[in-house]
Structure formats: C-alpha cells, structure tokens
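Everything on this sheet refers to the single structure shown next.
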Amino acid sequence: MLRLPILALIASALVGAPSSGLAAPRTTAMAVPFDSGSVRVTLITDEAEAVLRLVGAKQPTAADWERLWSSDGYRRLQRREAAMGRAFTDSSFEAFVRADSTRARADAFARTLKAWSAADLAGAGRRALAYLPPRSIIRAKVYLLVKPRTNSFVFDTNTDPAILLYLDPAVTPAKLENTVAHELHHIGYAANCKAPEDTTLTQGARAARVWVSAFGEGLAMLAAAGGPDHHPHEVSPPEERARWDRDIAHAGEDLKTVDRFLTDVATGRLSDPDSIRVRGMSFFGVQGPWYTVGYMMAQSIEQMMGRDALIATICDPVSLLETYNRAFASGVTCRLAPPIWSPELLAALRAKAKGSP
C-alpha cells in the first residue's frame, strides 16, 4: 500500500506545496452522497491519454506535446517529483515517451486505462467512509499515469488530496479499487480527525502517540477489504495473500515488540529522534506490524464489540489500544487469547507533564 499519509503525519509535515491555479482538467467525477457524510472521487486520465496519443502518432505535432505538458496529471506529477527533490524535466519525459520500450507497452497501457476507467471508485469511497466518524467528508482526485517510474503515491493531502497511480497492466480493476479505498481512508482520516496536540502530556507521550497513529494502516486494510468477513487480500495475487497470511500469523508476537518500542518512547527511555525513527520505520516493511497488528486490533474490536465501537476510536489512536484491551477483558471468550497492551504503555501514553492540570 501507499504510505505517504501515515508517514507525513509521523513526520509532522506533508510532502507537497499548496495547489496552484491550473486549468481545469478533463475528468470523470463521481459524487456519492450519504446520510452520514459524503465522498467525492474525481478520476483524472488526461496525462495517460496524452501519452498514448503521442505514442500512437506517426509524427506527433507540437499540439500533441502541449496536450501532455499542460495536462493536470503531468503538472501534478512534476510538482510531486520536485517536492521529493528528484530530477524531472520535459526533455527526459519526452525521451521516455519516444522510447521503444514505451511503444511496446502501449497496447497494454491502453487496455489497462480502459479497464481502470470503469472501476468502481465510488464504491471504494463508500468502503472508506464506512470506517470514518459520522458526518465525515472525503474529497480526492485519482490520477492514472503512464510514466517512467512504476511507483504510486499519495500527495498534497492537506490542500488538494491526490492519489497518483502508475498505470500497471498487472493490476486488476478490483485490486485498484482496494488500493484506492485504502488511501481514501487515510485521506478521510487526515481531513476529519484534525486535533491540536495535547501539550499537557509529557514529551514522550506525545512522541509515542504520533507513532500509535501508524496503526491507521491496519484500519485502512479493514476498510478497503469491506469488513472483517473479507480477507484483506481477497483480490490480490496469490503471493501477496500468502505473504499476508504468514505475517498475520505472528501478529500477537509483533504486538509485544511494538509495545516495547512505544513504551520506551512514551517513558523517555528512548528519546533520540533518529533512533526512534529507525525503530518505528522498521515496523512498516512491505506490510509489517503497523498493518498486521493494526488490522488484528480493528478486526477484533468490530467482531466483539461492533463497528460503532471501532469507529469511536478512529480519531484517538490511544483509545484503539484501550478498546482492544477491553474487548478481551469484557468476558468475551476467545479460542486463542492474544497478548494485550501493557498497563505501563497505556499509563505512559496518558502521562501528564509536570505542572500540567
């Protein structure tokens, strides 16, 4: 999955710049209203269409190239690469478009563009919204791109949220919908769970709470799957599903490891920012404990206490841990009782700074 929203929150800064006044793109917009809120996902394909037009032309005209350079997708990609400090020029992109390898993949790109353009992105929005607080609103643009790098990412989540997706012929529309739902949950969280930092807490507690928010990856996995009765990799290739099954099998042991990390940060035993970052980042992996342990908690709470109880924790990540513990302390029987969060950690996450009320 794409990690930028969670990593941006952890870094306390977002990658990107305020949105510029670009010409309105040619888009397909899907606005889906709900009683408890609304979601609008706008699909933007102008960059991919412009690239394929160029590749298919025997002698591309200046107007064909200008269609690409002025496309909203290309300009958004250009801004993001600049924000990442990566070299990105019109001349290098033109060389990519003219390359034989791009021409050889043109038919596959075209088929994928047609298939993805028919994907149910509104349905993806519904799945994300179902796991956000009442009256939540999601606004996002989804860009389909033909480009040299095969990565996909989320960008500009504060001002103009965008999901930029490499047009990968190996990805099915169903997998696309799952990915978009996952990222829309992150975007919805960022938009609807804004709260000032609690300065009455200790510095360690505040630092640990930021890392606890990384369990949002697990919540997004559950939302994208459509609920606890669906495998989170139901629409993934077999190897991705097998990897998840291997990793989720030791989520209980991983919980203990993350507990030690968070406790060390919250109590101040681990205070060096670089050391904290290295340890915290190690739990991402491909889909490491921030995903699997987060998913295990979210799934357990919904199954044992209901979805409303889970949603009540969304905007307070610490309450996710406490609610998970309560689920197994409420008399609910479980064939294999997993480990729960330590009292030391939970107390440290709510510890007040000296002199605070």
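The values are calculated or read from the model by the stated rules, or taken from the named source; none is laboratory data. If you're wondering where the values come from, they're calculated on a predicted model, not measured in any experiment. Cβ placement follows ideal geometry from the backbone for every residue including glycine, while neighbour counts extend to all protein chains displayed. Accessible surface areas use protein heavy atoms only, side chains included; no ligands, DNA or RNA. Shrake-Rupley method; radii C 1.70, N 1.55, O 1.52, S 1.80 Å.
Couple of notes before you dig in:
- Residue within region 278-298 that is under 26 Å from the mean Cα position of the chain (by Cα) and more than 30 Å from Gly226 (Cα to Cα) present: yes
- When each of Asp64, Asp120, Asp90, Asp46 is tested for being modelled with pLDDT of 95 or more and under 28 Å from the mean Cα position of the chain (by Cα), the lone residue that passes is Asp46.
- The sole residue among Leu145, Leu132 that is hydrophobic (A, V, I, L, M, F, W, C) and closer than 21 Å to Ala99 by Cα is Leu145.
- Residue check, Glu234 open to solvent by 40 Å² or more (accessible area, probe 1.4 Å), among the charged types (D, E, K, R) and under 28 Å from Pro133 (Cβ atoms): yes
- Subset of region 102-129 (residues that are open to solvent by less than 50 Å² (accessible area, probe 1.4 Å), under 28 Å from Ala190 (Cβ atoms) and either of a type outside the set (A, V, I, L, M) or outside any helix (DSSP H, G or I) (or both)): Trp116, Ala119, Gly123, Gly125
- Criterion violated by Thr202 - all others in (1) at pLDDT 95 or above; (2) in contact with a Gly (Cβ under 6 Å, 6 or more places away or on another chain) satisfied: (2)
- Checking the stated criteria, Ala83 turns out not to satisfy the condition of being of a type in the set (A, V, I, L, M, F, W, C) and open to solvent by 70 Å² or more (accessible area, probe 1.4 Å).
- Residues that are open to solvent by 10 Å² or more (accessible area, probe 1.4 Å) and either without any contact (Cβ under 8 Å) to a residue 40 or more places away in the chain or closer than 22 Å to Ile276 by Cα (or both) within region 214-231 comprise Gly216, Asp229, His230, His231, listed in sequence order.
- Taken across region 261-268, residues that are in contact with a helix residue (DSSP H, G or I) (Cβ under 6 Å, 6 or more places away or on another chain) and surrounded by fewer than 16 Cβ atoms within 10 Å (Cβ to Cβ) do occur, with at least one present.
- Of the residues making up region 232-246, those that are outside any loop (DSSP other than H, G, I, E, B) and not charged (D, E, K, R) are Pro238, Ala242, Trp244.
- For region 51-67, a residue qualifies if it is open to solvent by less than 30 Å² (accessible area, probe 1.4 Å) and within 16 Å of Leu113 (Cα to Cα), and the qualifying residues are Val51, Leu54, Val55.
- Residue selected from region 188-211 under the condition surrounded by fewer than 22 Cβ atoms within 10 Å (Cβ to Cβ) and under 18 Å from the mean Cα position of the chain (by Cα), by the criterion nearest to Met84 (Cα to Cα): Ala190
- Any pair with Cβ under 7 angstrom, 6 or more apart, that starts in region 236-251 at a residue that is closer than 21 Å to Phe215 by Cα and ends at one that is of a type in the set (S, T, N, Q): Trp244/Gln287; Asp247/Gln287; Asp247/Thr292; Ile248/Thr292; Ala251/Thr292
- Region 320-350, subset surrounded by fewer than 16 Cβ atoms within 10 Å (Cβ to Cβ) and of a type in the set (Gly, Ala, Ser), residue modelled with the highest pLDDT: Ala347
- Flag if Ala249 is open to solvent by 20 Å² or more (accessible area, probe 1.4 Å) and under 16 Å from the mean Cα position of the chain (by Cα): no
- Those residues of region 184-231 which are of a type in the set (A, V, I, L, M, F, W, C) and not in a helix (DSSP H, G or I), in sequence order: Cys193, Ala195, Leu201
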